[in-house]
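Just so you know, all these numbers are worked out from the coordinates, no wet-lab data involved. Quick caveat, the model's predicted, so the values are computed rather than measured. Heads up, the Cβs are rebuilt from the backbone with ideal geometry, glycines too, and the neighbour counts pull from every protein chain shown.
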Amino acid sequence: MSCLDQRSSNQDKIMKKSMKSDRQMATPENISRDSTKERIEMFFCLMPVFGLIPSAIALVRQRSSRKVRDVSQVAIALMLTWAIAYGTMGGVPTEGETLQVTAELIKATLSSGYFGICIYLMYRLYRHQAIALPWIKDNLESNNLDSNKKRAAKRNQTPDN
């Protein structure tokens, strides 16, 4: 009887361990880690304003990894969005003092938001999380799906000889 009790208690222990492992979060070893050089390069790309130079170099250079190029695209899109918005606010004619103050406040808010988003993306990079802007990510996914469907359709076509 004690032998059966011991077996059942061992089985219970095994079941409890397997149930606990299902509830545990993923360990950092399971997360893909980038090389230190790539991460430093991605941090430079995400620097506000000055990150345009390393981002452009990473996009032009063919030796950059896919992740570095993706971060570079995000950094350039973010910087261009900020520059265009800031530039259009600079060209607004202001006749009254209140309009001028309002325009300057909007420009300051745009700049603060740009810097804040860059710092937030750097934080996500530090935490090994995905670096993407929603409107770019959705565009890339839809383009990839369309191109995958076209490739599959080409493969399934038979020549008409």
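Residue by residue, here is whether (1) hydroxyl-bearing (Ser, Thr, Tyr); (2) under 18 Å from TYR120 (Cβ atoms) holds:
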| residue | (1), (2) |
| --- | --- |
| LEU59 | no, no |
| ILE76 | no, yes |
| THR81 | yes, yes |
| THR98 | yes, no |
Restricting to segment 54-74, and then to whatever is farther than 9 Å from MET42 by Cβ and among the hydrophobic types (A, V, I, L, M, F, W, C), can you tell me which residue is surrounded by the most Cβ atoms within 10 Å (Cβ to Cβ)? VAL74
